[in-house]
Amino acid sequence: MALIHIDPVPPRCSPGVVLSFVCTGGKIDSKHIGKIAFVGRGATVEVPDAKAAAIVTALDGATLQDKPVRVRFAGKGDFTNADHFGNLSNLLDLEAKAEQEEARRRAQAEEGSAVGDGATLTRLVLRDSEFGLGGRLLLTFGRKTLNEPLPPSRLGPGSPVVLSQTNVNRRMPSYRGVIYDRDAATIGVAIDPPDDDLPDEAVWRLDLSPDEVSRLRQQDALRRAASASGDRLAELREVLLGRAGGVSPLLETTPPIHDGEVNDSASTGGLRPPLASNLNEPQQAAVAFALAAKDFAIIHGPPGTGKTTTVVEFIRAAVANGDTVLACAPSNHAVDNLLEKLLAADELPVRLGHPARVMPELRARAIDILAEKHPDARQARKVARDAFALFRQADKWTKERPQPGEKAALRREARDMLSEVRKLQALAIERVLDEAKIICATLTGLDSQLLGQRRFDVVVIDEACQSTEPTNWVPLLRANKLILAGDHCQLPPTIISPEAAERGLSVSLMERLVARFGASASRLLTVQHRMNSAIMGFSNAEFYDGNLISHESVATHRLCDLPGVTAEPLTELPVQFIDTAGASYDEELEEDTGSRRNVQEASLAVKKVRLLLAAGVLPSQIGVITPYRAQVRLLRERLANVDGLEIDSVDGFQGREKEAIVVSLVRSNNEGEIGFLADTRRTNVALTRARRKLLVIGDSATLANDPFYQRMLTYFEDIGASSSVWEEVE
């Protein structure tokens, strides 16, 4: 028997109610159902192995006593497609184990220790609390000394965290939450209202939290995809695994483009959606290709070619055809970027997810906020105001101390009222979702309790190459057609477990499909609107077979063309490589971290940044990129007084651009070791962030041991961009 899990089960729900729900929705006789057990807020049910996948598909998002529930496989079980989905499932387990080990190390690390890598904040005290963001408790933490700055960390708006008390000997409850605000001295965390008061004198710590819910959703999606039979998911599975043969993923022909329209109406079902006049020819061809696709299509967008703009225009055309669209991306930042461009194109998407994970200027489109403003939520707002008044009364007593248990009683009454609020809000949410043509969400942020059993004509995944394949199968459960957009020549997904990465978890679904189907399944965007041609040249030859061309508006632009920037060699030359070979610019290990830095190279980078500033380039127009976190920390320390200047790792600059980019490659050693510079896709990202000026600092003697970097050095020499550090000595 297979085990399925149902949650949340309504309070005081009997086994008979659960049995009826499973039998009716799953179309199965009760005599075939095994043991039913209640676990926390959920229930597990034994069902026949052969029927399990169909039952989960039929019940997930269905209504149990007027409330949608999540239904998934409990445990891994056996995979009918073990050669692919079973392997992915095992790799997810390896990654989860690595995440848990990293979390364990963080929990044991003292503050300031590099082991935590900025994933923990300690010695925090509660400064303020209030209610907002859909009834959540908003907590503001800081240090005991007012205005004492918090140390740098990876904890920022949208980060999932665990809040725990540290100044007690006995075990105390911890709280899961999401960071909604951060400044120099304080950090804000949104949590669900707790059952008890938070201690006034508590000392707290925040730890970045592994997303266990995300992992469970991925495992469930893999098992459902593997077990699917006789439905659209099964058809897409066969196509995406390459079992359908031929050119079945696509229509035989792609409609030609004339005057900004798809002219071959027969091959698009008789519809002729207009394409935006501002799209260039390759962008229009990509949109038309995606519209004509039967099962899936890929939009390959190298740096600066307007990939997201093209995706937005495809979504608009699909909606004009009457399609519903689920637009996803692997990160909240990428989803917000897509949402922002859809809004600018006069579309009105609905953004799923915790409001704290949405950019403040876009929160008006968050599902919780839209539901609060919906006419159906008027009564909910009234009840919520009364509930919040009780919470405030419980928190603030001005005349006398409350009787024992009185604050807790007020909180219980307020929570009961908020329970009623949530029911009213659920009705409003249903209306909002029913009216939406476009829904935006992260790949693993799709909740059946919220979405019910909704399916979508098209699922679009932007930045698809930065996501692992298991995450892609979560939205695919709801898809009739799939569009992937990204660039497999840039950063791959971030994987913690080296073994999982080596065994294939770092290969995205898009990269796998490109390798299998090639040009028959994708269209390349070839006109880039970012880089001077000299900046583009090496990456174009190395990664894109020379297919890219610079638009005339950017092909020759330089820093000295900007207002207020003086004309001198530093601002006139679009590309410079400064070779530190023979100058003893030796790399070193940062104490305790194992990360690498190069002090002399950092000094040269700082000098060049200050010269750019002196030439009139604004700090906000300059970015400094380096592959190593230790070098990032060193450069930030040396340039801390330059407001608006951005210094970050390669990952931090993915999808970004600046007028001028300074790249510090760090590696300089007698052994010729380049470490993870060997992942040349990272270097591709670093070299393609600049619009008008790219300045690279590195040791040719170390770099030239790798063929890729030897070709890069040759390119710099061929265009007259290479010079020695000895020429920099004044």
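Beta bridges from DSSP with both residues in the chain: antiparallel share about 50 percent, rounded to the nearest 5.
Annotation for segment 1-80: trypsin sites (Lys or Arg not before Pro) lying in DSSP loop with at most 12 further Cβ atoms inside 10 Å of their Cβ are 12, 27, 35, 41. Peptides 57-68, 618-629, 85-96, 295-306 ordered by packing proxy, namely the average of other Cβ atoms within 10 Å per residue, highest first: 295-306, 618-629, 85-96, 57-68.
What do you get for Rg/Rh over segment 572-725 if you use C-alpha atoms and the Kirkwood form of Rh?
Values: Rg = 14.2 Å, Rh = 15.4 Å.
Ratio of gyration radius to Kirkwood radius: 0.93.
Peptide packing: for 218-227, 568-577, the average count of neighbouring Cβ atoms within 10 Å per residue gives the ranking 218-227, 568-577, highest mean first.
For the set 608/658; 607/658; 373/423; 67/382, the pairs lying more than 20 angstrom apart at their alpha carbons are 67/382. Listed by chain and number, the lysines placed with their C-alpha closer than 19 angstrom to that of residue 341 are 307, 437; residues fewer than eight positions away on the same chain are left out. Note on the chain: with charges restricted to the Cβ of Lys and Arg (+1) and Asp and Glu (-1), its dipole about the Cα centre is near 2640 debye.
Excluding same-chain neighbours fewer than eight residues apart, the lysines reachable from residue 97 by a Cα-Cα span under 21 Å are 76.
Spin-label model, residue 184 to residue 144: label points 7 Å out along the Cα-to-beta-carbon direction sit 2.3 nm apart.
Extending 7 Å from Cα along the Cβ direction at residue 244 and again at residue 408 yields two label points whose distance is 5.9 nm.
Have a look at the DSSP beta bridges in segment 577-730 and tell me what percent are antiparallel, nearest 5. Walk me through the intermediate numbers first.
Working: 2 of 21 bridges.
Antiparallel bridges: around 10 percent, rounded to the nearest 5.
Going highest first, how would you order 554-565, 604-615 by mean Cβ packing within 10 Å?
Values: 554-565: 16.4, 604-615: 18.3.
Per-residue mean Cβ counts within 10 Å order the peptides as 604-615, 554-565.
Can you tell me the FRET efficiency between residue 87 and residue 27 if r is taken as the Cβ-Cβ distance and R0 is 45 Å, rounded to the nearest 0.05? Working shown, then result.
Details: r = 32 Å, r/R0 = 0.70.
With R0 = 45 Å, the Cβ-Cβ based efficiency is 0.90.
A straight Cα-to-Cα reach below 14 Å connects residue 481 with the aspartates and glutamates 231, 235, 238, 295, 323, 457, residues fewer than 8 places away in its own chain not being considered. Label positions at residue 435 and residue 3, each projected 7 Å from the Cα along the C-beta direction, are separated by 4.4 nm. Estimated at 0.36 nm per residue, the fully extended path between residue 669 and residue 321 surpasses their Cα-Cα distance by 119.4 nm. Compared with the alpha-carbon gap, the fully stretched path from residue 503 to residue 453 is longer by 14.6 nm at 0.36 nm per residue. Counting only protein chain heavy atoms and rolling a 1.4 Å probe, the accessible areas of 1, 531 rank, largest first, as 1, 531. Here the calculated FRET efficiency for residue 154 and residue 423, from their Cβ-Cβ distance with R0 = 51 Å, stands at 0.85, rounded to the nearest 0.05.
Which stretch or stretches of segment 551-567 have amide N atoms under 18 Å from the point lying 7 Å from residue 723's Cα along the Cα→Cβ direction? In segment 551-567, the label zone of residue 723 (backbone N under 18 Å from the point 7 Å along Cα→Cβ) covers 558-561, 566-567.
Ordered from largest to smallest accessible area (heavy atoms of protein chains, 1.4 Å probe), the residues 719, 535 come out as 719, 535.
Over the chain, the Kirkwood radius and the radius of gyration, each from Cα atoms, give a ratio Rg/Rh of 0.98.
Taking all protein chains together and a probe of 1.4 Å, list 508, 603 from the most accessible to the least accessible.
Values: 508 0, 603 50 Å².
Highest to lowest solvent-accessible surface, that is 603, 508.
The values are calculated or read from the model by the stated rules, or taken from the named source; none is laboratory data. As the structure is a prediction and not an experimental result, all values here were calculated from the model. Note: ideal-geometry Cβ built from the backbone for every residue, glycine included; neighbour counts use all protein chains shown. Heavy atoms of the whole protein, side chains included, go into the accessibility calculation; ligands, DNA and RNA do not. Shrake-Rupley method; radii C 1.70, N 1.55, O 1.52, S 1.80 Å.
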